[in-house]
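Student: Here it is, the structure in full.
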Amino acid sequence: MDDSDRDRLAVWCAGDEWCPITTTATLIGRKWHPVIVHRLLEGGPQGFNALKGSVDGISSKVLSDSLDDLEDAGLVERAIISEKPFRVEYSLTERGADLEPVVESMREWGERHLVPAEDRSSSVV
């Protein structure tokens, strides 16, 4: 393994031509993952409560689980800030920040093709 492969994710797929797409979708394809990445791209490192406040509608449990998932995937890192009281701050890793064009493309596509639902029960999500 050379240096360029050291930071790459190890995956196995049956279809080499679509493997990068499905792997990326698996990493950020959950409902809140791209939103969290977007908020960290926009706002930089944030504490849990600030991040929760910027992701409208997410519960603390779902945010915590999502941050754990993103951290396990090497997209987000958690730092303990040694202040009194100590606090935790979340930021994107280099790999996570590299998702910016993907997340921006998702936003742009949504702006072009989506309209607000008349009521929440008719929403596709």
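The values are calculated or read from the model by the stated rules, or taken from the named source; none is laboratory data. If you're wondering where the values come from, they're calculated on a predicted model, not measured in any experiment. Here Cβ is always computed from backbone atoms with ideal geometry, including for glycine, and neighbour counts include all displayed protein chains. The area values use the complete protein model at the heavy-atom level, side chains included, leaving out ligands, DNA and RNA. Shrake-Rupley method; radii C 1.70, N 1.55, O 1.52, S 1.80 Å.
Student: Does residue 55 satisfy being at pLDDT below 95, surrounded by 11 or more Cβ atoms within 10 Å (Cβ to Cβ) and over 17 Å from residue 102 (Cβ atoms)? Walk me through it before giving the result.
Tutor: Values: at pLDDT below 95: yes; surrounded by 11 or more Cβ atoms within 10 Å (Cβ to Cβ): yes; over 17 Å from residue 102 (Cβ atoms): yes.
For residue 55, the condition - at pLDDT below 95, surrounded by 11 or more Cβ atoms within 10 Å (Cβ to Cβ) and over 17 Å from residue 102 (Cβ atoms) - is met.
Student: Could I ask something else about it? Cβ-Cβ below 8 Å, separation at least six or inter-chain, first residue in the stretch 91-112 and free of Cβ contacts under 8 Å to residues at least 40 places away in the same chain, second open to solvent by less than 40 Å² (accessible area, probe 1.4 Å) and of a type outside the set (Phe, Trp, Tyr): which pairs?
Tutor: 93/74; 93/75; 93/76
Student: With (1) in contact (Cβ under 8 Å) with a residue 12 or more places away in the chain; (2) surrounded by fewer than 16 Cβ atoms within 10 Å (Cβ to Cβ) as the list, and residue 69 as the residue in question, which single condition is left unmet?
Tutor: Here residue 69 clears every test but (2).
Student: Here's a follow-up. Identify, from the list 83, 94, 118, the residue that is at pLDDT 90 or above, over 15 Å from residue 35 (Cβ atoms) and loosely packed, with under 12 Cβ neighbours inside 10 Å. Step through it out loud before you land on a result.
Tutor: Working: 83 fails: at pLDDT 90 or above; 118 fails: at pLDDT 90 or above.
Only one candidate passes the filter, namely 94.
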